[in-house]
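What follows is a single structure, written as structure tokens, with notes after it.
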Amino acid sequence: MRREEMESKGDETLMMMDAAQMNNQKPQEEFFNVNYLRIYYGKTPLSLSLFLIIITFDLLVQTSQLLLNAGNLFPYSDIHKWLSYGHDGKHPGCDEYYFGRREFSFTLENDVYLRYKSFKNASSIEDAIKSTFPYKIDIGAVYSVDPDKRHAYSQTGTNVFTPVERELVFDIDITDYDDVRYCCSGADVCSKCWPLMTVAIKLIHTSLTDDFGFKHILWVFSGRRGVHCWVCDPKARRMTNEQRSAVAEYFRVYKGNENNARKVALMGYSLHPFLARSYVDFLKGFFEGELQATQSIFSSKDKYDKILGMISDEDIQSELREKWENSGRSSLSEEAISLVRWDQLKNTLQSKKHKAPTLRMCVEEIVFTFTYPRIDLEVSKHMNHLLKAPFCVHPKTGRVCVPIDPNNCDEFDPLAVPTLSQLIEEINSGGSRMDVDDDDDSDRCLLGKSIKFFRSSFLEPLLKSCKEK
Amino acid sequence: MEVIRSQKRTASNDVVSNPKIPLYLTAPQMEVRLEEFELFAIDRLRVLKGVSDGLARGKNPKEMDEVVNTLWKENMRHSDASEMVNKDIISHFVLRLVYCRSDELKKWFLSMETALFRHRFRLQNLEAQRAIVGEFGLPYKAVTGAELESLKERLGQVVRSLGQISPSVEAVYYKVPFEEVPDLVAGRRVLIQKGYAFVAGSQLVSLVVTQFRSHISKALILTNRKWTTTIREREKDRLTPIVEALSTTYLGPDYSQSSEYADISLKDIDQVSKSSFPLCMRHLFEKLREDHHLKHGGRMQLGLFLKGVGLKLDDALAFWRAEFSKKVGSERFDKEYAYGIRHNYGKEGKRTDYTPYACQKIISSAPGAGDHHGCPYRHFSEDNLRAALGRMGLSSRGMEDVMDKVRNKHYQLACTLTFEAVYGTSCDAGINHPNQYFEESQKILKSKTPAAPV
């Protein structure tokens with residue numbers, strides 16, 4: 001049987017046709033489109049009779065493999081296992097309706113937004129995704145009753161529709177750093193400013209484990225310009241809005257916008273141990289090293305004026321400004337100039353810091369302004385806030401929202417994350433089995449490493465500890 | 001609690017034992033005269049209103065301790081100590097009935113009772129405080145010996161970070177799960193390690209206040225249920241009218257319905273923004289015109305204000321669309337922003353007709369990068385504030401008075417002074433709501449030129 005005959009078999013051969021079309025068309029021209037998305041999420045399984053017809057022809061064993069396994073890259077069962085937290089219905093003390101009380105939201109092709117979706121089990125969520133191919137899938141809270149049926153319950157009395165569990169989540173977006181990064185702005189991100197995210201991950205991860213004692217933490221690339229953090233310990237999931245707000249405020253240092261010049265105000269006579277550790281272990285080194293190299297924050301008048309504006313003493317400002325304006329041409333690189341000026345600033349402040357309480361930790365304030373993580377407080381504060389699911393594909397970049405290893409985040413490169421078109425290309429050229437549920441093959445495909453990491457570093461320890469409860 | 005007609009009170013077996021501050025854990029088994037029912041409640045309400053005023057004026061904790069002390073003495077005193085305690089308990093439970101009946105009332109009552117408790121607690125000596133902690137039955141262990149030694153340095157750092165130059169690490173610290181002291185965690189006022197916060201004896205307030213708050217919050221829900229199912233109907237000729245009257249007296253207008261002084265249309269809006277908007281709204285309005293965009297906080301603060309000022313939904317949609325289309329296009333506006341505006345007017349979602357923010361809420365907001373909401377008197381740097389006040393037309397002397405208030409953190413007084421300087425009259429009531437500023441301003445302007453539009 002040749003391709004033309006296959007084509008008359010109808011809808012199930014769409015996969016083959018898409019592959020054929022794509023061989024003629026360069027996938028790189030488009031990062032993201034609905035057809036690629038369909039392959040990523042996988043088509044609904046072939047009907048049994050058609051399957052039997054096909055496999056009677058030996059020649060077609062390979063193509064049937066392709067039909068069965070092409071695409072289907074999204075790790076449905078891993079996500080389901082994660083969000084079930086061990087409530088698999090197979091052992092006592094289990095709540096088999098737990099997964100069904102979780103809210104999901106789908107954003108469809110024409111910006112159609114569907115909230116309060118819920119699913120009984122893994123196959124019903126898989127079916128739903130495979131029939132609608134949402135552009136975006138968000139995960140919400142676990143509610144007291146099935147979100148789908150929420151209208152059946154009144155808003156008062158004992159049976160209220162209200163969130164009962166939700167991971168503690170954080171969202172860090174690089175556009176919140178636009179006032180301190182000079183290489184990009186807005187939605188762009190590059191290798192010069194991404195390190196800000198790396199520092200943020202390390203700092204917050206350390207605090208979550210050492211200070212708060214959390215153990216099951218998942219960091220995920222948001223697909224374009226930021227990172228998300230999911231804290232999944234049972235006690236994290238049961239935190240109230242007030243407690244979440246407290247943790248978010250604990251992490252908050254940067255307070256301000258264009259209406260005030262000194263956006264980081266460190267009061268008191270020393271830093272709180274959390275801030276001190278963050279400064280010594282992460283921020284100081286980053287500021288004096290990598291940041292100077294990539295952003296050269298002192299090299300032009302506009303840039304250094306911004307920093308001088310953070311010093312709340314006019315005399316010191318003028319002293320330094322004069323020094324720098326008159327420094328003339330120099331054979332030093334931008335980076336070297338920046339370092340020299342930073343040293344001068346530190347020395348001047350060191351000798352003059354007794355002049356006013358606001359100067360006491362001015363050096364640290366500057367470092368914090370440029371490097372300390374800026375989380376989106378609103379995302380963390382409310383249990384009912386929805387957040388994008390890991391392994392989704394970002395519609396604007398086509399990149400998959402892959403997990404990031406917090407212990408190796410220096411190596412993470414947002415511009416090397418597999419895109420949808422690269423994944424499709426891999427299916428076409430490789431011909432290797434893309435069956436995500438088969439461990440042996442996971443190293444051979446682009447997404448394999450990420451899924452393996454998700455399982456071994458996050459999912460398995462999590463499920464193990466759920467069983468122990 | 002049983003309410004009876006004028007009769008001498010029989011010996012009551014109140015639940016009060018030792019603690020100077022009752023915890024209101026259970027309704028007292030005693031008889032109350034009908035007159036006392038209302039009078040006690042009114043006295044306590046005066047205290048709560050005083051607390052609310054103090055907080056709105058930005059008083060610091062020490063000042064609030066004084067405020068509460070004075071208010072309590074003036075309103076809740078009784079020559080007989082046990083009568084005093086009875087009045088305390090009775091008045092609290094009566095007000096629970098009054099304030100359980102809506103979310104907004106509940107929120108206010110909870111905040112004020114918690115604040116009242118907090119400051120009464122702070123006024124007690126250490127021993128009395130420990131007794132109260134014990135009453136709550138909190139099982140926190142004190143940290144001593146080797147463990148305390150190993151933490152000493154970092155505990156000292158915490159104390160220094162809070163402004164005490166010589167780190168006097170206290171003798172007693174309690175090891176408490178961090179979830180139980182959210183406000184200490186939020187303010188980085190404690191050392192946290194492996195999920196535990198190390199709370200100093202002097203910080204015990206936070207622990208108990210959280211417990212107190214949580215208990216009252218749950219109690220209000222139960223009270224509401226009882227009220228709606230049985231009490232309201234049963235008492236419709238006796239207590240219900242008293243209860244219903246008590247709540248409306250003290251909360252002040254909420255500006256959710258526009259009055260005769262607040263009914264603007266789109267064509268007037270630019271002019272009116274310059275003549276009658278308070279600084280916070282004027283800033284938001286100008287930024288909107290300049291950037292053709294506002295972030296969420298700004299949209300809420302300005303949008304609800306405009307609703308209170310009388311802008312109808314259709315006009316509001318037109319107004320926001322006209323601005324936002326210049327930046328994001330009208331299609332995107334309809335898709336992403338129109339819903340929010342309709343939501344504010346109670347046309348979407350759970351259809352709550354949201355009320356414009358009062359000063360207290362605006363002052364306590366937290367504008368971040370790219371935001372323009374909040375209270376300029378609090379959130380602007382001195383230079384920016386001076387520039388903005390200059391644009392409002394303040395003289396240099398007027399400005400100094402205002403800046404003086406700002407330095408002392410009396411943000412609403414600063415705004416009031418601005419009002420007085422701009423319109424040349426005095427405002428005795430003090431500004432505590434942006435819509436109040438607007439209405440007062442319109443009143444003055446209209447009385448000067450009755451015919452012309454202002």
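The values are calculated or read from the model by the stated rules, or taken from the named source; none is laboratory data. Since this is a predicted model, take the numbers as computed values, not measurements. Here the Cβ positions follow ideal geometry from the backbone for every residue, glycine too, while neighbour counts run over all protein chains shown. Surface accessibility is based on the protein's heavy atoms, side chains included, excluding ligands, DNA and RNA. Shrake-Rupley method; radii C 1.70, N 1.55, O 1.52, S 1.80 Å.
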Original post:
Which of the chymotrypsin sites (Phe, Trp or Tyr not before Pro) found in the range A:120-207 are loop residues per DSSP with 10 or fewer other Cβ atoms within 10 Å of their Cβ?
Top reply: none
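Shape call for the range B:271-373 from the C-alpha gyration tensor, a ≥ b ≥ c root eigenvalues: rounded (a/c under 1.5), prolate (a/b greater than b/c) or oblate?
Since a/c stays below 1.5, the shape of the range B:271-373 is classed as rounded.
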**OP:** Would you mind telling me the share, in percent, of accessible area of the protein assembly as shown contributed by carbon and sulfur at probe 1.4 angstrom?
**Re:** 49
**OP:** Over 18 Å, how big is the tail of the calculated P(r) for the range A:220-300, in percent of all Cα pairs?
**Re:** 68
Original post:
Going through the range A:264-341, which trypsin sites (Lys or Arg not before Pro) have at most 11 other Cβ atoms within 10 Å and a DSSP loop state?
Top reply: A:R329
Subject >> Area of A:I451 that stays accessible when all protein chains are in place (1.4 Å probe, Å², to 10) >> reply: 10
Subject >> Neighbourhood net charge (10 Å Cβ-Cβ; Lys/Arg +1, Asp/Glu -1) for A:P147 >> reply: +3
Original post:
With Rg and the Kirkwood Rh both taken from Cα atoms, where does Rg over Rh land for the protein assembly as shown?
Top reply: 0.99
**OP:** Multiply the residue separation of A:K90 and A:M267 by 0.36 nm, subtract the distance between their alpha-carbon atoms, and state the gained length in nm to one decimal.
**Re:** 58.3 nm
Subject >> Charge sum, other residues only, whose C-beta stays under 12 Å from A:L308's C-beta, Lys/Arg counted +1 and Asp/Glu -1 >> reply: -1
**OP:** Could you size up the charge dipole of the protein assembly as shown around its Cα centre, putting +1 on the beta carbon of Lys and Arg and -1 on that of Asp and Glu, and report it in debye to the nearest 20?
**Re:** 2200
Subject >> Average projected area [Cα convex hull, the range A:137-291], square nanometres >> reply: 12.5
Subject >> Spin-label model distance (nm) - A:L415 vs B:L34, 7 Å beyond Cα toward Cβ >> reply: 8.2
Original post:
Can you give the FRET efficiency for A:D178 and A:D302, using 1/(1 + (r/R0)^6), R0 = 22 Å, r = Cβ-Cβ distance, to the nearest 0.05?
Top reply: 0.95
**OP:** Using a 1.4 angstrom probe on the protein heavy atoms only, line up A:V393, A:V363 by accessible area, largest first.
**Re:** A:V363, A:V393
**OP:** Report the semi-axes of the equivalent ellipsoid for chain B in whole Å, largest first, where each axis is √(5λ) for an eigenvalue λ of the Cα gyration tensor.
**Re:** 42, 31, 22
**OP:** At 0.36 nm per residue, minus the direct Cα-Cα distance, what do B:T26 and B:T230 gain on full extension? Give it in nm, one decimal, please.
**Re:** 71.6 nm
Subject >> Neighbourhood net charge (13 Å Cβ-Cβ; Lys/Arg +1, Asp/Glu -1) for A:G213 >> reply: 0
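Could you tell me what fraction of 2.2 N^0.38 Å the Cα radius of gyration of the range A:232-391 comes to, as a two-decimal ratio?
The reported ratio for this selection is 1.24.
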**OP:** Just the number, please: buried accessible area between B and A, total of both chains, 1.4 angstrom probe, nearest 100 square angstrom.
**Re:** 3000
Original post:
In degrees, nearest 10, range 0 to 90: what is the angle between the Cα axis of helix B:103-122 and the longest Cα principal axis of chain B?
Top reply: 50
Original post:
Each residue of the range A:404-418 in turn: what ³J(HN,Hα) in whole Hz from Karplus with 6.51, -1.76, 1.60 and θ = phi - 60°, glycine and Pro shown as x?
Top reply: 10, 7, x, 7, 9, 6, 4, 8, 6, 10, x, 8, 10, 6, x
Subject >> Expected 222 nm ellipticity per residue - DSSP helices of 4 or more, -39500 (n - 2.57), all of the protein assembly as shown, to 500 >> reply: -14500 deg cm²/dmol
Original post:
Quick one: if the Förster radius is 35 Å, what FRET efficiency do A:A187 and B:K446 give, using the C-beta to C-beta distance and rounding to 0.05?
Top reply: 0.15
Subject >> Degrees, to the nearest 10: B:296-309 long Cα axis against longest axis of chain B >> reply: 80
Subject >> trypsin sites (Lys or Arg not before Pro) restricted to DSSP loop in the range B:162-201 with at most 13 other C-beta within 10 Å >> reply: B:K194
Original post:
Hull surface divided by four, with the convex hull built on the Cα atoms of the range B:360-451: how many nm²?
Top reply: 6.6
Original post:
Could you state the number of Å between the C-alpha centres of the range B:369-411 and the range B:270-316?
Top reply: 19
Subject >> Separation of the B:K49 and B:K218 label points, Cα + 7 Å toward Cβ, nm >> reply: 3.3
Subject >> Distance between modelled label sites at B:Y354 and B:R397, nm, 7 Å Cα→Cβ extension >> reply: 4.3
Subject >> Cβ-derived FRET efficiency at R0 45 Å, B:D404 paired with A:T209, nearest 0.05 >> reply: 0.45
Subject >> Overall form of the range A:324-398 per C-alpha gyration tensor (a/c, 1.5; a/b vs b/c) >> reply: oblate
Subject >> Positive-end extreme of charge dipole, the protein assembly as shown - chosen from B:A387, A:G89, A:P418 (charges on Cβ) >> reply: B:A387
